[in-house]
Amino acid sequence: MAPEDGPAPIESPTADPEVGESRWPMAIAVVVLMVAALIAPSRLSIMPGWLLALAEGLLLVALILGDPGRIDRTGPWQRRTSIALVVVILVSTLSSTALLVFDLVTGSPLTSQADQVLLAGAKVWLGNNVAFAFLYWQFDGGGPAVRAHGMPRYPDLAFPQQLNPELAPPGWRPEFLDYLYVGFTTANAFSPTDTMPMAHWTKVAMGSQALISFVVVGLILARAVNAFT
């Protein structure tokens, strides 16, 4: 199942279909990524930091203007803009990861000092976690706007509240912070934790994130220890 072809939602009899999630958490996450792009070493970016921050900022503003308030509009324009934002975030973070891994393997001047290695590694690692959180958030069950009108019968990601409905209030739906938690726990554990991937694309995404986190953390620690000694 491709991310774009998510399962059709079904109406939940206990949920209010007119109430979507707040946009503030995801907007704050985008702003954090913009700041990180501006202060990150130019060596770790395929484009100028200001250009990346500008692209992310413009897409965020477009989303806010096109769907002000809570996220509940399911029009094709809003969907395409949301996907474009996720693509920009993923491409920028994955390219930064590839450049950092190359520098760590080849021993570039950027990685000659332990403090610089740890700082660059932390930025790349955190950026990847947020980027994958956006990926899960945007494609699970058709995206946040679709989930606002009803959860899918067969989810792409199965949260504990879905597996055990008595643990959550009626009409519970996952929001951005839930997916951010999934992104960080997957990176820390190098595997799924409490939220299980059900669709093929979520298994590929989680497996890829775990592998990337494992490689980045392992190389950073090895290089930092070498620099300290």
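With L126, L85 as the choices, which residue is of a type outside the set (F, W, Y), out of contact with any Leu (no Cβ under 8 Å at 6 or more places or on another chain) and in a helix (DSSP H, G or I)?
L126
Considering only residues of segment 201-217 that are farther than 13 Å from Y136 by Cβ and β-branched (V, I, T), which is surrounded by the most Cβ atoms within 10 Å (Cβ to Cβ)?
Only one residue tops the list, namely I212.
Just give me the residues in segment 106-159 being closer than 26 Å to D178 by Cα and either free of Cβ contacts under 8 Å to residues at least 40 places away in the same chain or of a type in the set (S, T, Y) (or both), in sequence order.
A122, Y136, Y154, F159
I'm told R73 meets every condition in (1) touching a residue at least 60 places away in the same chain (Cβ under 8 Å); (2) under 26 Å from R223 (Cα atoms); (3) over 16 Å from the mean Cα position of the chain (by Cα) except one. Can you identify the failing condition by its number?
With respect to (1) touching a residue at least 60 places away in the same chain (Cβ under 8 Å); (2) under 26 Å from R223 (Cα atoms); (3) over 16 Å from the mean Cα position of the chain (by Cα), R73 is out only on (2).
Please give the number of the condition S191 fails out of (1) polar (S, T, N, Q); (2) surrounded by 17 or more Cβ atoms within 10 Å (Cβ to Cβ); (3) within 16 Å of the chain's Cα centre (by Cα).
With (1) polar (S, T, N, Q); (2) surrounded by 17 or more Cβ atoms within 10 Å (Cβ to Cβ); (3) within 16 Å of the chain's Cα centre (by Cα) applied to S191, the lone miss is (2).
Would you mind telling me which numbered condition in (1) modelled with pLDDT of 90 or more; (2) part of a helix (DSSP H, G or I); (3) surrounded by fewer than 23 Cβ atoms within 10 Å (Cβ to Cβ) F139 fails?
Of the numbered conditions (1) modelled with pLDDT of 90 or more; (2) part of a helix (DSSP H, G or I); (3) surrounded by fewer than 23 Cβ atoms within 10 Å (Cβ to Cβ), the odd one out for F139 is (3).
Among helices (runs of 4 or more DSSP H) lying entirely in segment 144-229, which contain 2 or more residues that are of a type in the set (A, V, I, L, M, F, W, C)?
Of the helices (runs of 4 or more DSSP H) lying wholly inside segment 144-229, those with at least 2 residues that are of a type in the set (A, V, I, L, M, F, W, C) span 144-147, 176-189, 200-228.
Looking only at segment 148-200, how many residues end up being of a type in the set (G, A, S), in contact with a Ser or Thr (Cβ under 9 Å, 6 or more places away or on another chain) and closer than 13 Å to Y136 by Cα?
1
The values are calculated or read from the model by the stated rules, or taken from the named source; none is laboratory data. Fair warning: this is a prediction, and the values are worked out from it, not measured in the lab. Cβ sites come from the backbone with ideal geometry, for glycine too, and all protein chains shown count toward neighbours.
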